[in-house]
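Data first, discussion second: the structure below is written as structure tokens.
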Amino acid sequence: MKSVSFLLTLCTAFSFLHAAEKPNVIIIMADDLGWGDISCNGATTIKTPAIDQLAAEGLRFTSGYCSASTCTPTRYSLLTGNYAFRAANTGIAPPNGPAIITPGTPTIASLVKQNGYHTAVIGKWHLGLGQPRPDWNGELKPGPLEIGFDHCLLLPTTNDRVPQVFVQDHRVRNLDPADPLWVGERKPSPDHPTGITHRDSLKLDWSHGHNDTIHNGISRIGFYTGGQKARFRDEDLADEWIKESRQWIGAQKGQPFLLFFAAHDIHVPRMPHERFQGKSGMGLRGDSILQFDWCVGELMKIVDENHLAENTLFVLCSDNGPVLDDGYKDQAVEKLGSHLPAGPFRGGKYSVLEGGTRTPFLTRWKGRIAPGVSDQIVCTIDLPASIAALARTEVPAGGCVDSMNLLPALLGEKDAKGREFVLQQDNNGNKFGLRVGKWKLVREKNKAQLEHQLYDLQKDPGETENVAAQHPQERKRMVEKLHAIIASPQH
């Protein structure tokens, strides 16, 4: 039945694609950016003019979601169209973690590639490399190039985890064979400097964890040695990725493309370029928001420079909700002021409350999407099926099982509907949230017992009052639906 339904929606979507035969796609994913962290969603303490421009020229979703409240599972789901809890080892990936997405798995990149798209991922990966572990001094495969991407320039894990090197396609960039890179879980020698033994040398102190190997005056999770010529400076990450994006987009020469631009901002350690430091008045977290906004503006400029604005769909999202102190003393708490990172919602990163997964979500396609605001429910997990429809590619049987083709809703078509429900998971799928219309179910484990809370988001968007006792039938219906979705995909 899924293939029949997909073909029907595919045919419907085709009727909308009059502006371009094969439009380009740029997916911009922020890291830890909250719903309330951008000024077009109501932030007043900080301004995000580039994001605001994207919203003003496109569609701003008030109910846009990511699929999980941490990075690795959301990224897994965005690429594969499958909820991360359905697969093993999809929690936050460790420094030496193997490739999580196996070759042959249909992904958003492999789907569009079938119809002539060039594909690239630039930025944070954090989905593992190699098998059974990364070969840092050899070929790092399988990786992005084995699941549909033609090119990649990656931060291999996440920047609070080692190593601080770029991976370009299959190898660590600029690695000197005479200075091999070693990455491990234990100190390589008793005198190896760490954030504990050399804390006085740090330019950014840690608050909890994050106290192993020191690089660039910042201690991280995990240990590594060597690879000195390959190491980057934290302050240069965003600039390097924009430079790479400009070169790669400019080289496409009319070939349709998909770019997954996976920013590290505003994840810890927050160390934006010096030109942003001190500019927000909110400490390094606020400064990192400014840097991410700059990246958005630069990507729009690159598209304009190549005369592609009317042939390019932008999607802006975040991998999970906000967090303040996530392991470093960067004054995120002390300088917060009246700013509400999650907006009116409760919770944030690691949580299945609305603040954990309801995030900024914007689409723009000049001349194609009418500017406005949508209250339709959309989710990052739906991008594979939706972009496949845009690229006129069919999803194979058994692929992207949880991804829905919401292309009409993403394009703001009249009477287009978003999701009837959205499922939210925590890092390892131990906790779940389920929203159906105005109702929100939260399933947590309390002393080995499952506890189901029920909230009326229409009356209580902040999820402050559990109304399960007042609405037992609604609670029962929601619990049954949650169990059914967990057991098998529902469309």
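Readers should treat all values here as calculations from the given coordinates under stated rules, not as data from a laboratory. Keep in mind the model is a prediction, meaning the values are calculated, not measured. Backbone-built Cβ (ideal geometry, glycine too); neighbour counts: all protein chains shown.
Placing +1 on the Cβ of every Lys and Arg and -1 on the Cβ of every Asp and Glu, with nothing else charged, gives the chain a dipole about its Cα centre of roughly 840 debye.
Note on the stretch 2-418: antiparallel DSSP beta bridges, both residues inside, total approximately 35 percent of the bridges counted. By other beta-carbon atoms within 10 Å, ranking Tyr65, Tyr117 with the fewest at the front produces Tyr117, Tyr65. Semi-axes of the equivalent ellipsoid for the stretch 108-253, computed as √(5λ) from the eigenvalues of its C-alpha gyration tensor and ordered from largest down, come to 31, 16, 13 Å. Summary of the geometry: the stretch 219-270 and the stretch 336-373, compared by the centres of their Cα atoms, lie 24 Å apart. Sorted ascending by nearby beta carbons within 10 Å, beginning with the fewest, Ile302, Ile381 become Ile302, Ile381. What the Kirkwood sum gives for the stretch 402-460 is a hydrodynamic radius of 13.4 Å, with every pair of different alpha carbons counted. Here the stretch 431-487 is treated as an ellipsoid with the same Cα gyration tensor; its semi-axes, largest first and in whole Å, are 17, 13, 11. Dipole of the chain computed with +1 at Lys/Arg Cβ and -1 at Asp/Glu Cβ about the Cα centre; of His273, His198, Cys400, farthest Cα towards the positive end is Cys400. Note on the chain: dipole from Cβ charges, positive end direction compared against Leu155, Val296, His483; the farthest Cα belongs to His483. Distances between every pair of Cα atoms in the stretch 194-246, grouped in 5 Å steps from 0 to the bin holding the largest one, split as 4, 19, 23, 20, 16, 10, 5, 2, 0 percent. Think of the chain as having a plus end and a minus end, set by charges on the Cβ of Lys, Arg, Asp and Glu; of Gly372, Leu457, Gly343, Leu457 sits farthest toward the positive end of this dipole. Taking a Cβ cut-off of under 12 Å around Lys243, the surrounding Lys, Arg, Asp and Glu residues balance to a net charge of -4, with basic ones at +1 and acidic ones at -1. When only Cα pairs below 8 angstrom with a gap of at least 6 residues are kept, the chain shows a relative contact order of 25 percent.
For the stretch 407-491, trypsin sites (Lys or Arg not before Pro) meeting the loop criterion (DSSP other than H, G, I, E, B) and having at most 14 other Cβ atoms within 10 Å: Lys414, Lys417, Lys438, Lys447, Lys459.
What is the local net charge at Arg475, summed over the other residues whose Cβ is closer than 13 Å to its Cβ (Lys, Arg +1; Asp, Glu -1)?
+1
Ellipsoid semi-axes for the chain, based on the Cα gyration tensor and the rule √(5λ), read 33, 27, 23 Å when sorted largest first. Dipole check for the stretch 178-275: with +1 at the C-beta of Lys and Arg, -1 at the C-beta of Asp and Glu, and the Cα centre as origin, the magnitude is about 200 Debye.
Calculated over the stretch 236-296, the projected area of the Cα convex hull averaged across directions stands at 4.2 nm². According to the Kirkwood relation over distinct C-alpha pairs, the hydrodynamic radius of the stretch 40-97 is 13.9 Å. Given the Cα atoms of the stretch 365-491, and with Rh set as the inverse mean 1/r over their pairs in the Kirkwood sense, what is Rg to Rh to two decimals? Looking at the stretch 365-491, the ratio lands at 1.02. Taking only the alpha carbons of the stretch 89-183, we obtain Rg and Dmax values of 13.1, 42 Å in that order.
Dividing the mean sequence gap of close Cα pairs (under 8 Å, 6+ apart) by how many residues the stretch 215-329 holds gives a relative contact order of 25 percent.
Under the convention that each Lys and Arg Cβ holds +1 and each Asp and Glu Cβ holds -1, the size of the dipole of the stretch 431-487 around its Cα centre is about 200 debye.
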